[in-house]
Amino acid sequence: MRNPTAPCAVSELAELVLPWLPPPDLAAAASASRALRAATSVVTARRAADSSRGLEAVPVPFDNPIDSKPYAYFLYTPFSLIHSPASSTNLQPWGCAWAQPPGPTWPRPHLGLPSAGCGCAAEECGGAGCACADMEAEMADALGAGMGSLRECGDGCACGPLCGNRRTQRGVTVRLRVVRQLKKGWGLHAAEALHRGQFVCEYAGEFLTTEEAQRRQRLYDELASVGKLSPALLVIREHLPSGRACLRVNIDATKVGNVARFINHSCDGGNLQPVLVRSSGSLLPRLCFLAARDIVEGEELTFSYGDARLRPKGLPCFCESLCCPGVLPAEET
């Protein structure tokens, strides 16, 4: 009879079972035997080496010079998903040697009218006569003050994933790093120099209804007030010239998200420009980040969470900018 604690058996267990375990269960497995402790250490090291779980074109490692926490645990998605009751409870392997190379992030899940779009060849998209926006003309506006906007080709367009008018649809292609800080916790840093206007990442998570967003925000506020959670629920409102809200999009990256969930707030606006990107035929816009200026290697990436009201009992802000009031902006969801 085969000994289940033999090195070969433990190795097979490590590759087939351990990568599926959340941190508490992984720690419990490590306490079972010396062989399992060694196997879980390997899984932990792989997790720390890539927060994207192999789902992006380049790995995004964790770096923690502060304490012994090797990584932050969450489910990874390169693009936003429609919320369903099971979407935040699904298991996802992380830390295995058999992870497949990342697939293309295009085409994305159909969230609109896939029949709509341009009929251009890939090399013609975005130019004169294209039904989709002129990307270069819009780029200058996107890097202005406030929330920028861009239009890109969508699923219904005749061009393919290599089209130049899909620059925000290929996932993370620049080198980034998630760094642990003493006061802020985890933060996203540039691991290479970035140029003004360069696409950095999308804010990916779960698209929520307003009712679900409000329910979660109440729960997150309670947990965050006692230090048990760092919420990443973002509410985007587009306004008419009159000032009345005409569109609200709720994206929750707290449990299911991508590396953008680690971008911290800066009261001075930060070095990232948030841009709403609409793809032809899609009903929902995506929130993407462009470099608002040239960014040096190692610099933390930040943006403004908004000019919402300040709550006396709100979460503390540690951005240390000259205009910082000491409390993170918050708004009624």
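The values are calculated or read from the model by the stated rules, or taken from the named source; none is laboratory data. From a predicted model like this one, the values you see are computed outputs, not experimental measurements. Note that each Cβ is placed from the backbone with ideal geometry, even for glycine, and that neighbours are counted across all protein chains shown.
Would you call Leu223 more than 25 Å from Ala57 (Cα to Cα), surrounded by fewer than 15 Cβ atoms within 10 Å (Cβ to Cβ) and not acidic (Asp, Glu)? Outline the logic, then answer.
Values: more than 25 Å from Ala57 (Cα to Cα): yes; surrounded by fewer than 15 Cβ atoms within 10 Å (Cβ to Cβ): yes; not acidic (Asp, Glu): yes.
Yes: the conditions hold for Leu223.
Can you spot a residue in region 184-191 that is assigned to a loop (DSSP other than H, G, I, E, B) and in contact with a helix residue (DSSP H, G or I) (Cβ under 6 Å, 6 or more places away or on another chain)?
First, pick out the residues of region 184-191 that are assigned to a loop (DSSP other than H, G, I, E, B): 184, 191.
Narrowing further to those that are in contact with a helix residue (DSSP H, G or I) (Cβ under 6 Å, 6 or more places away or on another chain): none.
The answer is no; no qualifying residue exists.
Checking Gly314 against (1) at pLDDT below 80; (2) in a strand (DSSP E or B): exactly one of these is not met. Which one?
(2)
Would you point out which residue out of Leu240, Leu234, Leu247 is at pLDDT below 85 and within 17 Å of Gly148 (Cβ to Cβ)?
Working: Leu240 fails: within 17 Å of Gly148 (Cβ to Cβ); Leu234 fails: at pLDDT below 85.
Testing whether each residue is at pLDDT below 85 and within 17 Å of Gly148 (Cβ to Cβ) leaves just Leu247.
Report, by residue number, each residue of region 255-287 that is closer than 21 Å to Pro316 by Cβ and crowded, with 23+ Cβ neighbours inside 10 Å.
Let us first name the residues in region 255-287 that are closer than 21 Å to Pro316 by Cβ, namely 261-270.
Selection gives Arg261, Phe262, Ile263.
Looking at this structure, is Thr168 part of a loop (DSSP other than H, G, I, E, B), closer than 28 Å to Leu247 by Cβ, modelled with pLDDT of 90 or more and among the hydroxyl-bearing types (Ser, Thr, Tyr)? Give the steps one after another, and end with the answer.
Numbers: part of a loop (DSSP other than H, G, I, E, B): yes; closer than 28 Å to Leu247 by Cβ: yes; modelled with pLDDT of 90 or more: yes; among the hydroxyl-bearing types (Ser, Thr, Tyr): yes.
Yes: the conditions hold for Thr168.
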